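Working notes, beginning with the structure itself.
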Amino acid sequence: EHGGWEIVNRAYSLLPLTTEQIIHPEKYIEFEPEVPVNDPPLGDALSDSWRLVERDTLGEWDTYILLAWGASEAARMDSEAALAAAAGWGGDTYQVYHNEDLEQTVLAVHWIWDTADDQTEFYDQLRAHLATRFMNVEISGPGNGVCWMHAGTYSCLYGSGQDTLWLLAPDLTVLSNIKGLFPQLP
């Protein structure tokens, strides 16, 4: 209906580049690109005993999975609400570092959304998810984010414009050092 067999054949030679293009075929047809998220390495804010475990992209699908099927069963969202919150994904990057001597891990996930409204919708849903996951134990943390502490883990969420940043760390000092790498998020 939209170009005959030529467009079908092109689909086999030009596969979707993001899960967003799979979930929303119109974005594949339009060749909507992923927004590059070029964050500095978290290692710039950590001591030499921390090593990079993984740096990659979640994409819209894994962002949905985080909300609908995350670590805490009590914090899992309704599937439709999670799909709606993940829609509008533009790009992201996550970084995981581990300190073997201390047996500690840190995580930073930075999303950029198609619009500020998309960011607000996702931020609100992720905030509710994290509040439940961290037993609503809200604390003061670095910057203007909202932070929680539970079971020896500190988590902060920041949002501004089209950006959302989620940080997880074993203490507030490490979290504050990592937050310093993201001055665009107050």
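Are any of the residues in the range 115-134 out of contact with any Lys or Arg (no Cβ under 9 Å at 6 or more places or on another chain), part of a loop (DSSP other than H, G, I, E, B), open to solvent by 30 Å² or more (accessible area, probe 1.4 Å) and closer than 26 Å to T18 by Cβ?
Yes; the residues of the range 115-134 include at least one that is out of contact with any Lys or Arg (no Cβ under 9 Å at 6 or more places or on another chain), part of a loop (DSSP other than H, G, I, E, B), open to solvent by 30 Å² or more (accessible area, probe 1.4 Å) and closer than 26 Å to T18 by Cβ.
Does the range 95-104 include one or more residues that are hydrophobic (A, V, I, L, M, F, W, C) and touching a residue at least 40 places away in the same chain (Cβ under 8 Å)? Explain how you work it out, then say what you get.
Start the filter on the range 95-104 by keeping residues that are hydrophobic (A, V, I, L, M, F, W, C), which leaves 96, 102.
Subsequent filtering for residues that are touching a residue at least 40 places away in the same chain (Cβ under 8 Å) retains 96, 102.
Scanning the range 95-104, I find at least one residue that is hydrophobic (A, V, I, L, M, F, W, C) and touching a residue at least 40 places away in the same chain (Cβ under 8 Å), so the answer is yes.
Could you say which residue among P16, P40 is more than 24 Å from R127 (Cβ to Cβ), loosely packed, with under 14 Cβ neighbours inside 10 Å and within 22 Å of the chain's Cα centre (by Cα)? Don't jump to the end; show me each part of the working.
On the way: P16 fails: loosely packed, with under 14 Cβ neighbours inside 10 Å.
After applying the criteria, what remains is P40.
Run down S49, S72, S79 and say which single residue is among the polar types (S, T, N, Q) and without any contact (Cβ under 8 Å) to a residue 24 or more places away in the chain. Write out each step before concluding.
On the way: S49 fails: without any contact (Cβ under 8 Å) to a residue 24 or more places away in the chain; S72 fails: without any contact (Cβ under 8 Å) to a residue 24 or more places away in the chain.
Going through S49, S72, S79 in turn, the sole match is S79.
I'd like the full set of residues that are at pLDDT below 95 and open to solvent by 50 Å² or more (accessible area, probe 1.4 Å), limited to the range 52-72. Lay out the reasoning, then the answer.
The initial filter retains those residues of the range 52-72 that are at pLDDT below 95, namely 70-72.
A71, the sole residue that qualifies.
Is there a residue being touching a Gly at 6+ places or on another chain (Cβ under 8 Å), farther than 30 Å from E80 by Cα and assigned to a helix (DSSP H, G or I) anywhere in the range 156-175?
The answer is yes; a qualifying residue exists.
So V146 ticks every box in (1) open to solvent by 60 Å² or more (accessible area, probe 1.4 Å); (2) farther than 20 Å from Y97 by Cα but one. Which box is left unticked?
Of everything listed in (1) open to solvent by 60 Å² or more (accessible area, probe 1.4 Å); (2) farther than 20 Å from Y97 by Cα, V146 misses just condition (1).
The values are calculated or read from the model by the stated rules, or taken from the named source; none is laboratory data. Being a predicted model, the structure only gives us computed values, none of them experimental. Positions of Cβ are backbone-derived with ideal geometry, glycine not excepted, and every protein chain shown enters the neighbour counts. Side chains are part of the model used for accessible areas, which takes the heavy atoms of the whole protein and leaves out ligands, DNA and RNA. Shrake-Rupley method; radii C 1.70, N 1.55, O 1.52, S 1.80 Å.
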